[in-house]
């Protein structure tokens, strides 16, 4: 065994060598031997939890990126892999078989060498090095040399060994679009006509959609995307009740027992030892009471437990240049060896797979550690958490984000995906030296995604003889997607290329595994697979594929099948992995060359370099549809086939005349772009965020870093300004309730700033998000079509309110005023229920709160779940302000900036960032939640880059040596 030589929990200090002479006296040190490392290296963890990796070779830098990702985020990345490969059932039981089958439908199944070649000269080597690092740490955990993260104890599972191909074969976490919109449009076209769909989704540039020849819009089933939804959803756990339903969090603690495990072990994923679960929330018979444990008061520690920092008690680092003394990062050596209840539990032992374990046909991976015996106390079956009807759908990584976790009703899924077009986006801008106070470029980026804990993003600094790059990426992937090297900075937002289509097939009545293509019956490919199941028999499943992609649904009664085509199935479209190519570019030409290979997600990349140049370039694999527009499903009979645009046909700009360039997911095809021929996409985010950003930047020719940070946290909603303008024309009758008249005056006097302490923002957001569209929709569409108009329809409904037409009847203006008055009435009633009758006490931040939910919080007793989760944090912002803070029907913030970064290009140490809620995935670490207060308050931490600045900010140093 390769035992680590130092342990933060034990407080072992190593005498400072020459390289450490200038470190703060408070910095702690640790040394370890690492198998697979080629040369001595070190990791300096700064006081904000950012690891700065100094390696002797480029390969070692990527190896240590993987090793360190596992050190800080092992549960998260392991769950990402299991979800993406369709291996959840092996670890968590038969409740996940349907999701596993769905995930396997969307794996990359093409030529793996073509896949590697698509990422440039280093992609394959970097992935192999990264995976070697992950596996080195995983093996130390399995050998007992490193502590088992708490979530594995809660779920009775263990981490798995990876293959390099795992990094790129998983596609279902990528952000592509617009299959769900095609289904909605087909339903509205069937129920009324295709023009009526403009009330659901605005099309830009101006476009007249057509029903493809041969398509019956009424043939599209409402639930055609069920498998797609399952494959793209997050994973969140609960313990089942005795009747099979999911139990609420803490129910197992209240009863004092868990549901019994059934069946013999047949899976190959690892399970925790049959000892007390090593977690801060595990229930034991001694804990059992007739009622769930009471939630501790803020700042209190539950009896007999080690404290996990809560949001009120967490000490947020000051956003200053000079780092303050900081506490030891418990996660630096795994961090969970001090978790309550773990003292008597072994950290884990390696286990060989049983000889009769089913082969893993989906991932071609080696046998993995065995599943738990039925007698294990941690081996109770798990189920996906029930969906929250108030939470929006989310296509996210395999972590919890507090959103949908199991299948929503099809209509709800479609409606919420439509809302995502406008509510989950990103901002970025790049500013030329001529418009900054320092004479150096500024580059800013804040990508918006669904919130969770741990964070979707992980900030890391890679140093080796061939690279020095820092920034954020997704922890399960090698490379840096948002950040800078010594010469250039880069940041991304989604550029809404339409990268999905649904194909409809006529089936052979005599053989349902054949479909008509080019006048002939063609065989589907039928793939039979085995899904190992923890504590149960392995499940045999079938998946069918046409030439276009996986078959989503078969309508046997009408001899139809429906398949899904996506760029996912093309080489080079593993989400964000293309960053390993562009992160090493040193100038615009090298960056353009790398971006010409970048395929997914489709991105607006902004650029700035130390020579003072700025630019924007679109990176995407963009389907070319010569004879249709991609807005509706199409027959799969050979008449409608994809080509692909050349990368040179996508827009870019170098040193723009305006002196800056900004994007916020809005339609930003340049004037004169041949959109009618290229048809890259017609469904974009509302331009409110972009318009506010350009309003600010265009008025300032001496922009500072502070200005850019303030703009990222700007609560001005131009959508609310439009709403205020509408309500300034509303006159309520004297008989109207006084509360409505007072609220109208509040809105009419409002500036549209969605500040946390604003009463007008409270009623305005309640009105906009929950009452305007439901009030207007029945006036323009009959039920049930009106129900398809959710929050995603706010933009076209607002357009209609500003320019009412005959869709509202014979007197459009009067109908508009009636809609506005009725929506106001509903909003006032709801806001009063939420905040009380005294409008002077209304504050938006009292209901608009950020909360980051752990995937395993549903397995914890109530008093402990709050220690795994982060929040609530009161905040301003909205879906339409630069500080994007989208929310569910309970006004809980579900998505927004996952990471913020502002770069002082060339003076890199002056750059600033904030991740949220923290860098660590270990609930016992100070860095699990320490950045959340900064994020909520609009504050930042230094993104230190130079060796001198890194050493000055050092909190913990890990010396690593190759194992002999």
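Checking each residue in region 498-516 for being out of contact with any strand residue (DSSP E or B) (no Cβ under 8 Å at 6 or more places or on another chain) and surrounded by 18 or more Cβ atoms within 10 Å (Cβ to Cβ) picks out no residue at all. None of 388, 446 is at pLDDT 50 or above and within 30 Å of residue 128 (Cα to Cα) except 446. Scanning region 658-677 for residues that are buried (at least 17 other Cβ atoms within 10 Å of the Cβ) and either within 24 Å of residue 565 (Cβ to Cβ) or in contact with a helix residue (DSSP H, G or I) (Cβ under 9 Å, 6 or more places away or on another chain) (or both) turns up 659, 660, 662, 663, 664, 665, 666, 667, 668, 669, 675.
Within region 791-801, one or more residues are surrounded by fewer than 18 Cβ atoms within 10 Å (Cβ to Cβ) and in a helix (DSSP H, G or I). If we keep just the residues of region 579-603 that are in a helix (DSSP H, G or I) and out of contact with any strand residue (DSSP E or B) (no Cβ under 7 Å at 6 or more places or on another chain), which is nearest to residue 480 (Cα to Cα)? Per the stated criteria, the residue is 580.
Is it the case that residue 472 is at pLDDT below 95 and surrounded by 24 or more Cβ atoms within 10 Å (Cβ to Cβ)? Against the criterion (at pLDDT below 95 and surrounded by 24 or more Cβ atoms within 10 Å (Cβ to Cβ)), residue 472 does not qualify. Answer yes if at least one residue in region 894-905 is modelled with pLDDT of 95 or more and under 30 Å from residue 737 (Cβ atoms), and no otherwise. The answer is no; no qualifying residue exists.
Going residue by residue through region 743-763, is there one that turns out to be part of a helix (DSSP H, G or I), assigned by TED's automatic domain parsing to the domain that holds residue 815 and surrounded by fewer than 17 Cβ atoms within 10 Å (Cβ to Cβ)? Among the residues of region 743-763, at least one is part of a helix (DSSP H, G or I), assigned by TED's automatic domain parsing to the domain that holds residue 815 and surrounded by fewer than 17 Cβ atoms within 10 Å (Cβ to Cβ), which makes the answer yes. Residues in region 217-241 that are over 14 Å from residue 184 (Cα atoms) and in a loop (DSSP other than H, G, I, E, B): 233, 234, 235, 236, 239, 241. Would you be able to say whether some residue in region 603-610 is over 16 Å from residue 445 (Cβ atoms) and touching a helix residue (DSSP H, G or I) at 6+ places or on another chain (Cβ under 6 Å)? No, every residue in region 603-610 fails to be over 16 Å from residue 445 (Cβ atoms) and touching a helix residue (DSSP H, G or I) at 6+ places or on another chain (Cβ under 6 Å).
When region 714-735 is limited to residues that are in contact with a strand residue (DSSP E or B) (Cβ under 7 Å, 6 or more places away or on another chain) and part of a loop (DSSP other than H, G, I, E, B), the one that is nearest to residue 821 (Cα to Cα) turns out to be 717.
Within region 642-657, residues that are surrounded by 13 or more Cβ atoms within 10 Å (Cβ to Cβ) have Cβ atoms under 7 Å from residues that are at pLDDT 95 or above and assigned to a helix (DSSP H, G or I) in these pairs: 645/678; 649/678; 654/588, counting only partners at least 6 apart in sequence or on another chain. Of all residues in region 775-784, one or more are touching a helix residue (DSSP H, G or I) at 6+ places or on another chain (Cβ under 8 Å) and within 21 Å of residue 718 (Cα to Cα). Elements of the type helices (runs of 4 or more DSSP H) sitting completely within region 100-209 and holding at least 3 residues that are crowded, with 24+ Cβ neighbours inside 10 Å, touching a helix residue (DSSP H, G or I) at 6+ places or on another chain (Cβ under 9 Å) and not assigned by TED's automatic domain parsing to the domain that holds residue 62: these cover 179-191.
Restricting attention to region 779-796, the residues that are more than 28 Å from the chain's Cα centre (by Cα) and either modelled with pLDDT of 95 or more or within 13 Å of residue 820 (Cα to Cα) (or both) total 1.
Looking only at region 623-636, which residues are buried (at least 17 other Cβ atoms within 10 Å of the Cβ) and assigned to a loop (DSSP other than H, G, I, E, B)? Passing the criteria: 625, 628, 629, 630, 631, 632, 633, 636. Just to verify a result, which residue in region 524-535, among those that are at pLDDT 95 or above and either on the phi > 0 side of the Ramachandran plot or part of a loop (DSSP other than H, G, I, E, B) (or both), is surrounded by the fewest Cβ atoms within 10 Å (Cβ to Cβ)? The extreme case among them is 524. Only one of the listed residues (880, 945) is crowded, with 24+ Cβ neighbours inside 10 Å, within 28 Å of residue 717 (Cβ to Cβ), modelled with pLDDT of 95 or more and more than 16 Å from the chain's Cα centre (by Cα). That residue is 880.
Looking across region 433-459, the residues that are part of a strand (DSSP E or B) and closer than 20 Å to residue 80 by Cα come down to 447, 448, 449, 450, 458, 459. In region 477-484 there is at least one residue that is over 19 Å from residue 635 (Cβ atoms) and out of contact with any strand residue (DSSP E or B) (no Cβ under 6 Å at 6 or more places or on another chain).
The values are calculated or read from the model by the stated rules, or taken from the named source; none is laboratory data. Since the model is a prediction, treat every value here as computed from it, not as a measurement. Heads up, the Cβs are rebuilt from the backbone with ideal geometry, glycines too, and the neighbour counts pull from every protein chain shown.
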